1. Have a look at Ala9, Ala21 and point out the one that is surrounded by fewer than 14 Cβ atoms within 10 Å (Cβ to Cβ), modelled with pLDDT under 90, of a type in the set (Gly, Ala, Ser) and in a loop (DSSP other than H, G, I, E, B).
2. Which residue, of Val62, Val72, is at pLDDT 65 or above and in a strand (DSSP E or B)?
Amino acid sequence: MQQNPTRLAPSNPQDKHWQQALAALLTFQEASNYLATPISSLRTPAFRMRIGLPTVKLGKAVRFRRVDLDRVIARGLQRLPGEEVAR
């Protein structure tokens with residue numbers, strides 16, 4: 001018999017730490033603006049997988065952590081060996 005996974009929920013949704021954690025999560029629109037990427041691209045799981053962008057699910061809502069967006073940007077700034085600079 002399989003057990004349902006444990007869902008983590010705040011003991012007090014008004015807790016300061018919980019509110020800070022939620023504030024650090026960005027919506028599709030906010031992440032799109034932050035990355036300067038079309039929102040339609042971010043909504044595509046294949047695109048998110050290709051750029052290595054994990055998501056956070058809150059019920060049916062999908063959110064992004066700012067730290068993950070920063071990592072995607074940092075990886076994009078690093079050139080691969082043998083890669084030429086576009087002119």
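1. None of the others qualify; the one that does is Ala9.
2. Going through Val62, Val72 in turn, just one is at pLDDT 65 or above and in a strand (DSSP E or B): Val62.
The values are calculated or read from the model by the stated rules, or taken from the named source; none is laboratory data. Values in this document were obtained by computation on a predicted structure and should not be read as measured data. Please note: Cβ atoms are built from the backbone with ideal geometry, for glycine as well, and neighbour counts cover all protein chains shown.
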